[in-house]
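Novice: Here you go, one structure.
FYI, it's all coordinate maths here, none of it is from the lab. The structure presented is a predicted model; accordingly, all values stated were derived computationally and were not measured. As a convention, Cβ positions derive from the backbone with ideal geometry for all residues, glycine included, and neighbour counts pool all protein chains shown.
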Amino acid sequence: MALPNALALSPALSSTQHVAASLLHVDGRPGLQLAPELAALIPGGCLRPGSTLEVGPGSGQTSLLLRLIAEPTARGSWAAVIGFDDLNPHAAREAGVALERLALVANPGGTWLEVAAALLDTVELVVLNLQQECRPADSRRLLARARQRRSILILVQRDTRRGPPNRPPRRMWPEQPDITLTPSQYTWHGLEQGHGRLCEAVITVNATGRRLNGPARSCRLRVGERPTPHWSAGGDP
Amino acid sequence: MRFLAVSFPHWPITAAGCSPSVSAAVIESGRVQHYSPAAYRDGVRTGQRRREAKGHSPELITLAPNPHLDAQQFEPIVATLIQVVPRLELTKPGLCTLAATGPARYYGGEVELIDELRCALEELGAQSLDTKHEAREISGARIGIADSRFGAQLAAEHGTDGYLVAPGRTREFLADLPISTLELDELSTIAHRLGIETLGQFAQLPTRSVLTRFGSAAATAHALARGLDPTPLAIHQPAVELAVSSELDPPAQRVDIASFAAKRLSAELIEILDRHGLACTQLRIEAATEHGEELCRIWRASPVFDAETIVERVRWQLSGWLDSTDPALAKPTAGVSLLRLIADEVAGANDLQISLWGELSQADRRAVRGLDRVSGLLGPAAVFTALISGGRSPADRVQLVPWGQPPPSIEPPMPWPGHVPEPMPSVIHPDPIPIEVHGVQGPVRVTSRGEISGSPTQLRQPGGNWAPVIAWAGPWLVDEHWWEPDTAQRVARFQLTTKAEVAEQSRAPVDVAAGASHAYLCCVQQNSWWIEATYD
């Protein structure tokens, strides 16, 4: 199945040529379509094969991540999630992820690099939650692998603030991703003082990064369903 | 070419030890899959719901599917038949076929060949007369001969016992059978709408039109309906030896360990075949123990083998051997130390598409191969897929299935009264986080009647600062498994949303309108609180 496309030649290309080639979508494969709200954040509205994304820390991060991989898996792509031992697949399904194409590698331990490399070879979307700091040489190898195999690497920078407050969390990934999505504001509706239930969350997502081709953008992501009047009984006339 | 089929209809029922006169059915995912003759007489059919089947036959014994047992019970029969005809091809437990031309000439005719097989089976039955159900099981064998494997199988199952379809008349024999015997549901539905009810009507359609309208799977089915054996036409003997083998060190004593090794081997074999643009239609599996005992079986697939079905066949073959309960059958004295997979018969991969309906895409096959590799790297319990099942707590509602293992049959999720309402929390903490929850008058307590001592106003995680509670709801009492003292649990659940933690030093006024809020699903049991899951 080895198509004679630009990939086969890529080791011979210089790095500038390589970047140019990847910008031109040489193999003609379109990117992975995103949910409409998120598509508005990213130029072209889809995840470009071979690119890296980062999901920044903050409340609502997991919901954002799930929404990010939902549309591609529903359209037939596979996703592998590495290093999450606490992800709830049920929430993933509610977000629209096709569970039959979602593989979970909860605790790769010391072999995370081999696992990530093997999965980047074959799976279109690889979500990596780094448990330890990644050496620059390793990160460059992974990036090269992703570019060569036209797969997408999504890095999750989790909130690791356990020390003194107001210190930025330690960065596990030494490279700059193409695009960073960060949940900035996270509000729940439907729960009141002693009654109601969590119904709907609104997450404000900010996008930054060098591949944005413009100023930072933001959008609002809704999770769950709008509270019915019955539940929001707090609003008396 | 002439083919012979030995079929045990309702094998899963007989393997489970039920007599044909007992009304029994194998039920998977709430639907009838196999039934005994007695159940058939009562009106039980494939695809019926459990309750409907029970309605037809109130005495119905329901069985869970057990492919392991099916294979294990079938092995003595295969061992007996193979002494009569060496090149026996297994399709699944309960069905085997063979090319009959050679053996028939050897035994002096097709009728004689059938007699020979029947004698061997009767001898086996006599040997194990003390175990009653086996004697019956063997008498349930049906044998048929026709021009194609499919024809022979149907001749065995639908004709009178020992049924011979005359050479060249297989198509005529098949003509009256319903189209559903092809076991392609979508094709049957469409054909039914087109007014095509029998195989004879289907066979009359022009071959090219069937291929263009329905695709390759239906074209294969069309060949079957015309009484042809579709694979031999495309078969060629492999020029290179398409075989992979692996030494197991330490030797595998159990089936699951051996089949895990088989997983890697099968991926290797498929990769070699892919490289040559071939697909395997007949596979030989050889296993040997340290003490030199060997077991070799030939398996056929319809239409082709993929990595998963190869592993399944290895599992079937070995479970009949390693876990054999039959004293007459030589049980190996040591663990399996060598496993060898040989592609016996191959065809061009493009001639035999995996299947038209629900086929694997290129991306699927690539991903499956990669995940097989990772699970080989990390061990069997490292890669998971998830299924949704029933339960109250968020953790109960998810079932993780190790990669490569057949998913357990889960009853479709019913409404579960008392479950945590949707949306689901996106993070379930594997180790619950103990917390303190305070109201205006100190710690919040919940009485056994579900009353709380005060409204929660602030929450503290271990090592953290107090975070003000914005809103809360609860307690939702859960009293589960009270009939089993070991697993009984009585907890109360709360949903809580909080502001970000307030740093001790900067007692800034809390701005309720802005900033991140956290939402938790908390549990309280005997006045200790913990966070079970987070709505992240």
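Novice: How big is the stretch B:3-233 by the Kirkwood estimate over distinct Cα pairs, in Å? Numbers along the way, then the final one.
Specialist: Numbers: mean 1/r = 0.0531 Å⁻¹.
After inverting the mean inverse Cα-Cα distance, the result is 18.8 Å.
Novice: So what is Rg over Rh here for the stretch B:1-106, counting just Cα atoms and using Kirkwood for Rh?
Specialist: On the way: Rg = 16.2 Å, Rh = 14.9 Å.
That ratio is 1.08, to two decimals.
Novice: Using the number of other C-beta atoms within 10 angstrom as an exposure proxy, rank B:424, B:1, A:172 with the fewest first.
Specialist: Working: B:424 24, B:1 11, A:172 18.
Least crowded to most crowded, the residues run B:1, A:172, B:424.
Novice: Which one, B:7, B:19, B:432, projects farthest toward the positive side of the charge dipole computed for chain B from Cβ point charges (K/R +1, D/E -1)?
Specialist: Checked the options; the winner is B:432.
Novice: Using a 10 Å cut-off on Cβ to Cβ distances, tally the other chain neighbours for every residue of B:425-434 and report the average as a whole number. The partial results should precede the final answer.
Specialist: On the way: counts 7, 18, 9, 7, 2, 4, 2, 0, 0, 0.
The shielding value for this peptide is 5.
Novice: Across peptide A:192-200, what mean number of C-beta atoms from other chains lies inside 10 Å of a residue's C-beta? Before the final figure, lay out each step's value.
Specialist: On the way: counts 4, 7, 7, 4, 4, 8, 14, 3, 1.
Averaged over the peptide's residues, the number is 6.
Novice: Related question: Measuring from centroid to centroid over Cα atoms, what is the spacing of the stretch B:254-287 and the stretch A:86-118 in Å?
Specialist: Cα centres, the stretch B:254-287 to the stretch A:86-118: 26 Å.
Novice: What list of whole percents do you get for P(r) of chain B, with Cα-Cα distances grouped in 10 Å bins up to the one holding the largest distance?
Specialist: Histogramming chain B at 10 Å steps yields 3, 14, 21, 22, 15, 10, 8, 5, 2, 0, 0 percent.
Novice: If you don't mind, another one. Treating only the Cβ of Lys, Arg, Asp and Glu as charged (+1, +1, -1, -1), what charge dipole size does chain B show about its Cα centre? Round to the nearest 20 debye.
Specialist: Values: 46 positive and 63 negative charges, 236 e Å.
Computed about the Cα centre, the dipole is about 1140 debye.
Novice: Mind giving me the nanometre distance, one decimal, between the label points for residue A:40 and residue B:243, set 7 Å out from Cα along Cα→Cβ?
Specialist: Spacing of the two 7 Å Cα→Cβ label points: 6.4 nm.
Novice: Go through the stretch A:214-225 residue by residue and turn each phi into a ³J(HN,Hα) via Karplus (6.51, -1.76, 1.60, θ = phi - 60°); whole Hz please, and just put x for glycine and proline.
Specialist: Values per residue, Gly and Pro as x: x, x, 4, 10, 8, 8, 10, 10, 10, 10, x, 10 Hz.
Novice: For chain B, which DSSP H helices look membrane-span-like by this rule: Cα extent along the axis of 15 Å or more and mean Kyte-Doolittle of at least -0.5? Walk me through the numbers before you get to the answer.
Specialist: Numbers: long enough: B:67-84 (26 Å, 0.38); B:110-127 (26 Å, 0.03); B:255-275 (29 Å, 0.50); B:307-322 (22 Å, -0.06); B:362-378 (24 Å, -0.39).
Sorted by number, the helices that extend far enough and score high enough are B:67-84, B:110-127, B:255-275, B:307-322, B:362-378.
Novice: Using the C-alpha gyration tensor of the stretch B:427-535, what are the square roots of 5 times its eigenvalues, in whole angstrom, with the largest one first? Walk me through the numbers before you get to the answer.
Specialist: Working: eigenvalues 147, 43, 28 Å².
Over the Cα atoms of the stretch B:427-535, the ellipsoid semi-axes are 27, 15, 12 Å.
Novice: A further question on this structure: Using +1 at the Cβ of each Lys and Arg and -1 at the Cβ of each Asp and Glu in chain B, identify which of B:444, B:35, B:200 lies farthest towards the dipole's positive end.
Specialist: Of the candidates, B:444 comes out farthest on the positive side.
Novice: Let me ask something else about it. Could I get the Rg over Rh figure for the stretch A:45-154? Both from C-alpha atoms, Rh via Kirkwood, rounded to two places. Intermediate values should be presented prior to the final figure.
Specialist: Working: Rg = 13.1 Å, Rh = 14.0 Å.
Ratio value, two decimals: 0.93.
Novice: To the nearest whole number, what is the average tally of beta carbon atoms from other chains within 10 Å of the beta carbons of peptide A:220-227?
Specialist: What the average comes to for A:220-227 is 1.
Novice: Got a sec? Which residues in the stretch B:1-23 would a label at residue B:166 touch, if it sits 7 Å along Cα→Cβ and we count backbone N under 18 Å?
Specialist: Taking a point 7 Å out along Cα→Cβ of residue B:166, the residues of the stretch B:1-23 whose backbone N falls under 18 Å are B:1-3.
Novice: Order by neighbour count: B:209, A:63, B:319, B:216, fewest other Cβ atoms within 10 Å first, most last.
Specialist: On the way: B:209 11, A:63 28, B:319 25, B:216 18.
By the 10 Å Cβ count, ascending: B:209, B:216, B:319, A:63.
Novice: Determine, at each q value in 0.22, 0.28 (inverse angstroms), the log₁₀ of I(q)/I(0) that the Debye formula gives when each Cα of the stretch B:151-210 is one equal point scatterer.
Specialist: -0.90, -1.18
Novice: Provide, in order from the shortest bin, the percent of all Cα-Cα pairs of the stretch A:70-128 in each 5 Å bin, continuing until the bin that contains the maximum pair distance.
Specialist: Calculated over all Cα pairs of the stretch A:70-128, the distribution is 4, 20, 30, 24, 14, 6, 1 percent.
Novice: If each residue of separation counts as 0.36 nm, what is the full-extension length gain between residue B:186 and residue B:284 once their alpha-carbon separation is subtracted?
Specialist: Extra length from residue B:186 to residue B:284 when fully extended: 32.1 nm.
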